[in-house]
Amino acid sequence: MAPTEMFWGERFARVRDPFGHEWGITTQLQEMTPDEIQAAAAQMFAEMSE
């Protein structure tokens, strides 16, 4: 999975090592309150349903 900015304020990527193990890697882009995360999730789901 290519690096993707997630609605909860992190960039996430998944890589597979030579032994077949998958690793999830994240970095925090912004600190968000629970209310901000909930609003961002609602916006993302609304956009997905269009």
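Between the helical axis of 34-48 and the longest alpha-carbon principal axis of the chain there is an angle of about 80 degrees. A simple spin-label model places pseudo-atoms 7 Å from Cα toward Cβ; at PHE45 and MET1 they are separated by 1.8 nm. If I take all pairs of Cα atoms in the chain, what percentage of them are more than 19 Å from each other? More than 19 Å apart: 41 percent of the Cα pairs in the chain. Shown in residue order for the stretch 18-27 are the 3J(HN,Hα) couplings computed by the Karplus curve 6.51 cos²θ - 1.76 cosθ + 1.60 at θ = phi - 60°: x, 9, x, 7, 9, 10, x, 10, 10, 9 Hz (x for Gly and Pro).
Laboratory data are not the source of any read-out in this text; all were calculated from the coordinates shown. As the structure is a prediction and not an experimental result, all values here were calculated from the model. Cβ: placed from backbone, ideal geometry, glycine included. Neighbour counts: every protein chain shown.
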